[in-house]
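Here is the structure we will look at, set down as structure tokens.
The values are calculated or read from the model by the stated rules, or taken from the named source; none is laboratory data. Treat the numbers as computed from the prediction; the structure is a model and nothing was measured. All Cβ positions, glycine included, derive from the backbone under ideal geometry; neighbour counts span all protein chains shown.
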Amino acid sequence: MTKRVGVLTSGGDAPGMNAAVRTVVRAALHFNMEPWGIYRGYHGLIHGELEPLTDRSVSGVIQRGGTILKSARSDEFRTKEGQSKALDVLAKHEIDSLVVIGGDGSFKGALALAEAGVNVICIPATIDNDIACTDYSIGFDTAVNNVLDAVNKLRDTAASHERVYVVEVMGRDSGYIALYSGIAGGADVILIPEVPYDVDQVCGQIVQANEAGKTYNIVIVAEGVKSISGASGKTSPSFEIGNYIAEKTGYDTRITILGHIQRGGSPTVRDSLLASKLAYHAVELIYQGKTNKVLGEVNQAVTSFDVDYALAQEKQLNLDMYHLATVLSAI
């Protein structure tokens with residue numbers, strides 16, 4: 001019987017997911033396997049929202065952001081009953097292997113299926129770039145470029161009106177987007193969850209820059225940084241930080257939250273290539289009978305790790321990059 005390979009996207013959407021789906025489908029056909037698309041992630045798997053895909057199903061999608069398979073959260077799948085329903089759907093449609101495209105939450109779901117006997121391969125796709133065992137996750141490069149474009153535009157108006165702009169970017173537990181876009185965008189201050197900050201020191205740095213002749217400032221804040229009081233919660237930290245800067249320095253200060261615009265748009269070349277490489281190797285591993293792996297790219301080479309091992313690792317931010325940011329923003 002021809003092997004059937006299911007593919008789903010789960011968690012937050014990331015530019016490049018469609019490129020990965022496209023490659024899974026066409027690589028499966030190349031290896032004489034039958035690809036099936038599962039819609040709305042684990043929710044759709046539980047409720048039988050799936051169908052066979054052809055090469056035409058994924059024609060013209062490589063340049064599109066988001067995911068043609070849709071994505072949805074599923075509290076039901078976190079339960080044993082929900083997982084049992086998912087297993088029944090896979091068995092009913094004779095799907096013996098599953099490619100999961102998403103982040104660590106998606107991989108935890110894949111691990112539960114793997115422990116129940118399903119052959120799984122996981123592909124990291126999250127703009128936060130917080131998946132261990134890979135240098136870059138699909139979608140990160142596009143998100144950073146989206147932020148950079150916005151920061152460059154904000155700089156124009158900041159310079160025109162001689163203002164301080166506090167720009168909040170995504171990154172609940174990870175400062176990658178803030179750090180990389182801050183360096184590339186020439187931010188004066190970068191605040192990330194991994195490194196504690198002193199808001200008075202931030203104010204002092206802004207004042208020092210202005211006394212040296214700079215008439216505007218860009219402050220990049222990751223959404224996951226703690227508030228000035230030290231708490232972390234649902235309230236955006238950028239408003240508290242921005243208001244404090246305005247009160248302490250007296251400078252005209254504006255706060256911009258970029259929000260989900262960071263997720264959208266066509267994937268960059270880097271994300272499209274990464275998605276295509278990882279997805280091809282995912283199907284190749286299934287063809288070779290090697291499953292229950294998380295794929296990644298380390299030093300530009302595709303690597304694979306056991307799912308449970310990958311989930312047990314914690315990705316460490318490169319603090320050399322943070323040091324570079326502090327040097328470049330110094331007066």
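Test S57 against the criterion of being assigned by TED's automatic domain parsing to the domain that holds I127, over 21 Å from P124 (Cβ atoms), touching a residue at least 12 places away in the same chain (Cβ under 8 Å) and of a type in the set (G, A, S), and give yes or no. For S57, the condition - assigned by TED's automatic domain parsing to the domain that holds I127, over 21 Å from P124 (Cβ atoms), touching a residue at least 12 places away in the same chain (Cβ under 8 Å) and of a type in the set (G, A, S) - is met. Annotation note: of A27, A91, A20, the sole residue that is assigned by TED's automatic domain parsing to the domain that holds L273, surrounded by fewer than 19 Cβ atoms within 10 Å (Cβ to Cβ) and either modelled with pLDDT of 95 or more or assigned to a strand (DSSP E or B) (or both) is A91. Among G296, G289, which is under 20 Å from N119 (Cβ atoms), surrounded by fewer than 20 Cβ atoms within 10 Å (Cβ to Cβ) and among the small types (G, A, S)? Testing whether each residue is under 20 Å from N119 (Cβ atoms), surrounded by fewer than 20 Cβ atoms within 10 Å (Cβ to Cβ) and among the small types (G, A, S) leaves just G289. Summed over the stretch 305-322, the residues that are of a type in the set (D, E, K, R), surrounded by 12 or more Cβ atoms within 10 Å (Cβ to Cβ) and part of a helix (DSSP H, G or I) give a count of 1.
Return yes when S97 is farther than 18 Å from H281 by Cα and of a type in the set (S, T, Y) and no when it is not.
In short, no.
Restricting V302, V283, V327 to residues that are outside any helix (DSSP H, G or I) and either over 17 Å from V118 (Cα atoms) or touching a strand residue (DSSP E or B) at 6+ places or on another chain (Cβ under 7 Å) (or both) narrows the list to V302.
Of all strands (runs of 3 or more DSSP E) completely enclosed by the stretch 180-258, which ones contain at least 3 residues that are touching a residue at least 60 places away in the same chain (Cβ under 8 Å)? Before the answer, list the steps.
On the way: elements: 189-191, 217-222, 253-257.
Ranges flagged: 253-257.
On the stretch given as the stretch 119-136, residues that are within 17 Å of G41 (Cβ to Cβ) and among the polar types (S, T, N, Q) total 1.
If the condition is being within 17 Å of the chain's Cα centre (by Cα) and in a strand (DSSP E or B), then the stretch 98-146 contributes V100, I101, G102, C122, I123, P124, A125, I138. Checked against the criterion of being closer than 28 Å to Y176 by Cβ, out of contact with any Phe, Trp or Tyr (no Cβ under 9 Å at 6 or more places or on another chain) and part of a helix (DSSP H, G or I), the stretch 36-56 contains not a single residue that satisfies it.
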